[in-house]
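The values are calculated or read from the model by the stated rules, or taken from the named source; none is laboratory data. Computed from a prediction, not measured in an experiment: that's the story for all the values here. Methodologically, a virtual Cβ is constructed for each residue, glycine included, from the backbone with ideal geometry; neighbour enumeration extends over all protein chains shown.
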Amino acid sequence: MIKREVLKHLYIDKKLSDREIGKKLGKSRQTIWKWRQKYNITRKVNVSKEDFEHLYYDLELSQAEIAERLNIAVSTVCRKMKKLNIKARKPNKKRTTKEFKNEIYNLVGKEYQVLSEYKNNKTSIKMKHITCGYEWEANPISFLRGTRCPKCSGKAKKNTDIFKKEVFELVEDEYEVLGEYHGTQVPIKMIHNECDTIFTPQSSNFLQGARCPNCANNQKKSTEEFKEEVYELVGSEYEVLGKYENNKTKIKLLHNECCNTYFVTPSSFLSGKRCPVCMKKEQTDLKTKSTDEFIKEVYDLVENEYKIIGEYIKSKVPIKIKHMECGNVFEMRPNNFLLGQRCPKCYVSRGEARVKEILEQLNLDYEREFMFDDCKNIQLLPFDFAIFIENEIRMLIEYDGRQHFESIEFFGGDEYLNYVRRNDEIKTNYCMENNLFLLRIPHWKYNEIEGLIIKTLENL
């Protein structure tokens, strides 16, 4: 437990961030954030109206300059000035429309056009963004201070008609909007005209690539994508020779270790089925294999990184194994271990690794495996990534691998698939109920991860 007085002193008096406090107290950042929310500890701006008026009127500082001087956010300055009823500065003399147009031209050239007459800084003026053709009523002083086209910045107020137009531009008549648009995070009823499935995705998720859940499992992958999956599983041990048609149509593979070519369904290979010649030989060898012999095979592969705890029975009967580096004890089929599968706790998917790489390239503040005390299915459910901006959660990211969409023997088959889907549903509903933005990235969008993250951040 963290005492309120200690947390308040560090956050308010010392002005330390959650991360800095966590390091000082030996706690995680999310733990500090949760306790701060529980105690309702936030930084307040203790600046009088007279002080604000002096900074704004006498010194003629902008809100950004005031924020920098007081070490607070610009949005906080804006809210505080509105609360104190501090009016916008009056210009020394009234601008003419011609003068205002000249100021706009000096700022942005011919990118924007003034369409109506200038009256004063408070009265909205009609503007047009030549690049995209969007027209809107802008506040003159806001435009001069940097506010631009709301459509291009993602701030234009969207309605059902605009959302329908966006959907049509993406997928034409393949999908149809049935419900009314009420916001980016509010589910909206849609129909997939190709299979007549009605579903309710978050509007933002649909625009970022989420599609019909009924067809998601049947989405056709390319031969190159299948080759990538094979390489991710077994490296260069196997080579894809045929053309990928679908998950159930057999494809020709080459086992480089024994030079055997054979046909296998992609789903079977991805679920662990390997070269029939070698598997038959292995099964023959394993009939007489002892626990000591299996221990030696494991040692030859990974030396002391893994320790066999259980008794070897046969290749397909799970055996208890301990990962010495993390201390995790798990059960796995001996043949799966020999084929390259390892500690499930330490397994980080290629997709999660890519998300982490992008977040670091963008210099974003994030936490892995972020948990909320009230988001659980018996146990707490971690989110893959939590993105922080100004010390507050702005977005959560979940990378959904193949095990979120199809039954995979290694992870536990149908039982595990149902378990994962239930957890995903709990997380999605939790975010909707608590007004948290959740970006779900399905595994077939691996090559689009960077674009999805950047586009989502721009629209927040």
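Conditions (1) surrounded by fewer than 15 Cβ atoms within 10 Å (Cβ to Cβ); (2) farther than 30 Å from GLN341 by Cα; (3) outside the structural domain of PHE337 (by the TED database), marked per residue:
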{"position": "TYR181", "(1), (2), (3)": "no, yes, yes"}
{"position": "VAL186", "(1), (2), (3)": "yes, yes, yes"}
{"position": "ILE198", "(1), (2), (3)": "yes, yes, yes"}
{"position": "GLY209", "(1), (2), (3)": "no, yes, yes"}
{"position": "GLU229", "(1), (2), (3)": "no, no, yes"}
{"position": "GLY235", "(1), (2), (3)": "yes, no, yes"}
{"position": "ASN247", "(1), (2), (3)": "no, no, yes"}
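Restricting to region 133-155, count the residues that are over 21 Å from PHE100 (Cα atoms) and either of a type in the set (S, T, N, Q) or at pLDDT 85 or above (or both). Quick ask: steps written out before the conclusion?
The first filter runs over region 133-155 and keeps only residues over 21 Å from PHE100 (Cα atoms), leaving 151-155.
Cutting the leftovers down to either of a type in the set (S, T, N, Q) or at pLDDT 85 or above (or both) gives us 153.
Number of matching residues: 1.
Of the residues GLU137, GLU176, which single one is surrounded by fewer than 13 Cβ atoms within 10 Å (Cβ to Cβ) and part of a strand (DSSP E or B)?
Of GLU137, GLU176, the one residue that is surrounded by fewer than 13 Cβ atoms within 10 Å (Cβ to Cβ) and part of a strand (DSSP E or B) is GLU137.
From the list ILE393, ILE441, pick out the single residue that is touching a residue at least 40 places away in the same chain (Cβ under 8 Å), surrounded by 17 or more Cβ atoms within 10 Å (Cβ to Cβ) and under 28 Å from GLY272 (Cβ atoms).
ILE441
Can you name the residue in region 190-210 that is in contact (Cβ under 8 Å) with a residue 24 or more places away in the chain and not in a helix (DSSP H, G or I) and, of all such residues, is farthest from CYS431 (Cα to Cα)?
GLY209
Would you confirm whether or not region 430-452 contains a residue that is assigned to a helix (DSSP H, G or I), over 17 Å from ARG354 (Cβ atoms) and more than 16 Å from the chain's Cα centre (by Cα)?
Yes, region 430-452 contains at least one residue that is assigned to a helix (DSSP H, G or I), over 17 Å from ARG354 (Cβ atoms) and more than 16 Å from the chain's Cα centre (by Cα).
Hey, could you check region 211-227 for residues that are in a helix (DSSP H, G or I) and out of contact with any helix residue (DSSP H, G or I) (no Cβ under 8 Å at 6 or more places or on another chain) and say which is surrounded by the fewest Cβ atoms within 10 Å (Cβ to Cβ)?
The extreme case among them is GLU224.
Could you give me the residue pairs with C-beta distances under 7 Å whose first residue belongs to region 161-189 and is in contact (Cβ under 8 Å) with a residue 12 or more places away in the chain, whose second residue is among the aromatic types (Phe, Trp, Tyr) and in a loop (DSSP other than H, G, I, E, B) wherever it lies, and which are 6+ apart or on separate chains?
Pairs that qualify, where the first residue is in contact (Cβ under 8 Å) with a residue 12 or more places away in the chain and the partner is among the aromatic types (Phe, Trp, Tyr) and in a loop (DSSP other than H, G, I, E, B), are PHE163/TYR181; GLN185/PHE437; ILE188/TYR181.
Of the conditions (1) out of contact with any Ser or Thr (no Cβ under 8 Å at 6 or more places or on another chain); (2) over 30 Å from LYS98 (Cα atoms); (3) among the hydroxyl-bearing types (Ser, Thr, Tyr), TYR181 clears all except one; give me its number.
Every condition holds for TYR181 apart from (1).
Scan the helices (runs of 4 or more DSSP H) fully inside region 18-109 and keep the ones with 1 or more residues being touching a strand residue (DSSP E or B) at 6+ places or on another chain (Cβ under 8 Å) and either assigned by the TED database to the domain that holds ILE125 or modelled with pLDDT of 80 or more (or both).
Ranges flagged: 97-108.
Checking the condition under 21 Å from ASP18 (Cα atoms) and exposed (fewer than 14 other Cβ atoms within 10 Å of the Cβ), which residue from ASP384, ASP374 passes?
ASP374
What residue, of PHE269, PHE263, is modelled with pLDDT of 85 or more, of a type outside the set (S, T, N, Q), surrounded by fewer than 15 Cβ atoms within 10 Å (Cβ to Cβ) and not in a loop (DSSP other than H, G, I, E, B)?
PHE263
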